[in-house]
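Enquirer: One structure follows; several queries about it will come next.
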Amino acid sequence: TIASVDFRVNGVSQGIDTTFPYSVSYTPAAVGIGLQFTVVATDSLGNTFITPISTVNVVAQPGPTVVLTAPVGASTIVIGTPTPVTAAAVPVAAGTTITSVQFFANGVSIGTTVAAPYTVNWLPTTGGSFALTAKATDSAGTSTVSAAVNVAVTTPPASVTITGPVAGAILPVNTPQTITATATST
């Protein structure tokens, strides 16, 4: 009878199993070409049987896909206006899920969300051009950064309102009148 099965990668034991069906868990630590897998079975009399070498390659696990959906490129945002920044993220590797989406404005984090819909509110405090990006991370720990969406942040426009005379007022001819207004500037 089979007493044990030893699983080896590049000649190094990754674990021994003594019960059928024989298996061990192995997690490659790095991308590599030409890893050699062998299995050594030992029977109850001490005889060993070695499988032929199985050569495999380890590739990088694909990261999730992520794209910013709002705001759209070339948008103009006013300083001090809460602006939703939204991304769509989808896991690519089998068996993974999206664990977080972090948002950035010119490389500075503006928030993280862990559940769909992936949205944070950004409150810009200075004017200028900003490149918005999102970084999605999956349950395998793999991350992908979206393409940048460029937006402009401007100061709020000045406002002016007539306060007098009020709309619909009747003014006598040849009589001086005072016209008043409220004006605010940024």
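Enquirer: How large is the translational diffusion coefficient of segment 29-124 in µm² per second when you combine the Kirkwood radius over alpha carbon pairs with Stokes-Einstein at 20 °C and 1.002 mPa s?
Expert: 120 µm²/s
Enquirer: Follow-up. Report the extension gain between Asp43 and Ala147 in nm, rounded to one decimal, defined as 0.36 nm multiplied by the number of residues separating them, less their alpha carbon distance.
Expert: Fully extending the segment from Asp43 to Ala147 adds 31.7 nm.
Enquirer: Same structure, new question: Tell me the label only: which of [x] 39.6, 122; [y] 20.2, 68; [z] 32.6, 124 is Rg and Dmax of the Cα atoms in Å as calculated from this structure?
Expert: Working out Rg and Dmax of the Cα atoms in Å from the coordinates points to [z].
Enquirer: Using a 10 Å cut-off on Cβ atoms, rank the peptides 119-128, 95-104 from the highest mean neighbour count down.
Expert: Ranking the peptides 119-128, 95-104 by packing returns 95-104, 119-128.
Enquirer: At a 1.4 Å probe radius, carbon and sulfur cover how many percent of the accessible area of the chain?
Expert: C and S atoms contribute 61 percent here.
Enquirer: Sticking with this structure for a sec: Measuring with a 1.4 Å probe in the full set of protein chains, what accessible area per residue, in whole Å², belongs to the chain?
Expert: I get 62 Å² per residue for this part.
Enquirer: Taking the Cα-to-Cβ direction at Val72 and at Tyr22 and moving 7 Å from each Cα, how far apart do the two end points lie in nm?
Expert: Between Val72 and Tyr22, the label points sit 6.2 nm apart.
The values are calculated or read from the model by the stated rules, or taken from the named source; none is laboratory data. Computed from a predicted structure; not experimentally measured. Cβ sites come from the backbone with ideal geometry, for glycine too, and all protein chains shown count toward neighbours. These area figures cover heavy atoms from the full protein model, side chains too; ligands, DNA and RNA do not enter into them. Shrake-Rupley method; radii C 1.70, N 1.55, O 1.52, S 1.80 Å.
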